[in-house]
Each structure stands twice: as structure tokens, then as C-alpha cells.
Amino acid sequence: AQSVSQHNHHVILSEAASLELGCNYSYGGTVNLFWYVQYPGQHLQLLLKYFSGDPLVKGIKGFEAEFIKSKFSFNLRKPSVQWSDTAEYFCAVSLYSSASKIIFGSGTRLSIRP
Amino acid sequence: GAVVSQHPSRVICKSGTSVKIECRSLDFQATTMFWYRQFPKKSLMLMATSNEGSKATYEQGVEKDKFLINHASLTLSTLTVTSAHPEDSSFYICSAGGPVGVDEQFFGPGTRLTVL
């Protein structure tokens, strides 16, 4: 069965620090990969997605992620975080298309110190 | 962009009653919708996949008689929590497969259910 692992449960950074959140998945076939963000009190929003092509994907708000197939990883990065990036971040996997169910990782809570 | 709404946003009910939650795709048709449950400070757990005009597919461990799902049209799926108990209190989120040509799921804002 598919599964998604996020190793960092809670990350605390100062503003302007660089961010990298780890994500690994287990599935041998073709997958679609996502990072979602959930700001306090708000609903889930898509940060970025990878379906195919360039493994380095750029998303909104300065986030990017790199798909490394050999490592089954899809780590999220941002060179310089802001206080407004405080949120819960979820890595997710689906098969094939938008009609496929999405399996979420356990989430990483990011706290940014002003 | 594609918008998914949920109604109600919050509901409080007594133990033993049933609660219906609606999920609507407002500006597109969704053949497939998904229902998730999110516990406080936890991830989203997929409960079931709802397909228009057919029976929902439930994930392992989810009681289909407890959580009734109906997807009667291409823009509406409903989740009914039957004979609710306090342990059913949670945040329920739906998503819809995107419109034709948009390969993405769109999430609703969620419904906070509190069972007293």
C-alpha cells in the first residue's frame, strides 16, 4: 500500500532561515506528488505538484520541491522563510490523476520566530 | 479557479443523532469526490472515495454503515454521520477531482463536528 513519511513533526526557524522539509513515499509505480499547506484556521491549499517532467518544481510563495526518484523523495524547500509561512505542511501522493485518491503524510508543523 | 464548498461549516449535535454534511463543486462537475477526516493536529485520513451514480469505496477500518456517502449529482456529495457519538467529533474535509483538463483535487473548507 502507498504510504507517505514526513520525518519532521515540528520545525522551528527564525525569519530568513532556509527551510527543507523531508518527504518520502513508498510506491513502486508512477505517482503524482504534492505539497499542501494549511494556515491556522484555514483550509488546505496546494503549494506545488509534480506529475512529470522537470523534477525541480516551483510553487507559490517561493516554495520549490525536488523529486528524486531513486530516493523516493520529494523534499520541500524555501531559501528564506517569513513569519507568514507559519503553518502545517503536508506531503501527499496520488496515482495517475485527479480522480485518484490522495494519501497524506502526517504533516510538519512549521513555526517561524519573528 | 475551481471552488469546493461545504455546509455546514460547524455543527454541534447530541449523541445518537445523525448529521449530514454537504460537499459541492461550485463551478465544475466532479465525477469523483473524496471524504477525509482530520483529528486535531493530525494529518488527513482518507475515509472514502465517492463516485457519482455508484456506491462509495471505503478505506479499510471505516464503517460504511456509520458514515453514509451519497453522490447523487456531479456537483454534490453528502456524508451522513449516523448515530453520532463523541468519538465522531472531528474535522471532516471533502475534495473534488478537478474539471476536465485540470489534473488536481480541490479541497473544501471543512466541517467541524462536535458531538455532545
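Where a number appears in this text, it was derived from the coordinates with a stated rule and is not lab data. Just so it is clear, the model here is predicted, and its values are computed rather than measured. Every residue, glycine among them, receives a Cβ derived from its backbone with ideal geometry; neighbour counts consider all protein chains shown.
Using the Karplus relation 6.51 cos²θ - 1.76 cosθ + 1.60 with θ = phi - 60°, the per-residue 3J(HN,Hα) values for the stretch B:79-87 come to 10, 10, 8, 8, 6, 5, 10, x, 5 Hz, with x marking Gly and Pro. Karplus-derived 3J(HN,Hα) values for the stretch A:24-30, using 6.51 cos²θ - 1.76 cosθ + 1.60 with θ = phi - 60°, are 10, 10, 10, 5, x, x, 6 Hz; glycine and proline are entered as x. In order along the stretch B:45-61, the Karplus-derived 3J(HN,Hα) couplings, from 6.51 cos²θ - 1.76 cosθ + 1.60 at θ = phi - 60°, round to 10, 5, 9, 6, 10, 10, 10, 4, x, 9, 6, 6, 9, 9, 6, 4, x Hz, and Gly and Pro are given as x. Computed over neighbours whose Cβ is under 12 Å from that of B:K66, the net charge equals -2, Lys and Arg +1, Asp and Glu -1. Sorting B:C23, B:C13 from the fewest to the most surrounding beta carbons within 10 angstrom yields B:C13, B:C23. Give me the log10 of I(q) over I(0) for the stretch B:25-73 at q = 0.16, 0.22 Å⁻¹, as the Debye formula computes it from C-alpha points; what are the numbers? Per q value, in the given order, log10 I(q)/I(0) is -0.49, -0.82.
Exposure proxy ranking for A:H43, B:H85, based on other Cβ atoms within 10 angstrom of each Cβ and starting from the fewest, stands as B:H85, A:H43. Computed over chain A, the quotient of the alpha carbon radius of gyration and 2.2 N^0.38 Å is 1.01.
Each of B:M47, B:M33 was scored by other Cβ atoms within 10 Å of its Cβ. Arranged with the fewest first, they read B:M47, B:M33.
Between amide H atoms placed 1.01 Å from N, distances below 5 Å from B:A30 occur with B:T75, all of them 5 or more places distant or on a separate chain. Once C-alpha pairs closer than 8 Å and six or more residues apart are averaged by separation and normalised to the residue number of chain B, the relative contact order reads 37 percent.
For the stretch B:1-81, which chymotrypsin sites (Phe, Trp or Tyr not before Pro) are in a loop by DSSP, counting at most 12 other Cβ atoms within 10 Å?
Numbers: sites: B:F28, B:F34, B:W35, B:Y36, B:Y58, B:F67; in loops: B:F28.
Within the stretch B:1-81, no chymotrypsin sites (Phe, Trp or Tyr not before Pro) qualify (loop, at most 12 other Cβ atoms within 10 Å).
Within the listed set A:K58, A:K49, A:K71, the Gaussian network model of chain A (springs between alpha-carbon atoms below 10 Å) gives the highest mean-square fluctuation for A:K71.
Normalised by 2.2 N^0.38 Å, with N the number of residues, the alpha-carbon radius of gyration of the protein assembly as shown equals 1.02. Taking amide H as placed 1.01 Å from N in the peptide plane, A:F67 has its amide H under 5 Å from the amide H of A:L56, A:V57, each at least 5 places away in sequence or on another chain.
Between the stretch A:13-75 and the stretch B:1-43, what is the C-alpha centre distance in whole Å? Answer, in whole Å: 25.
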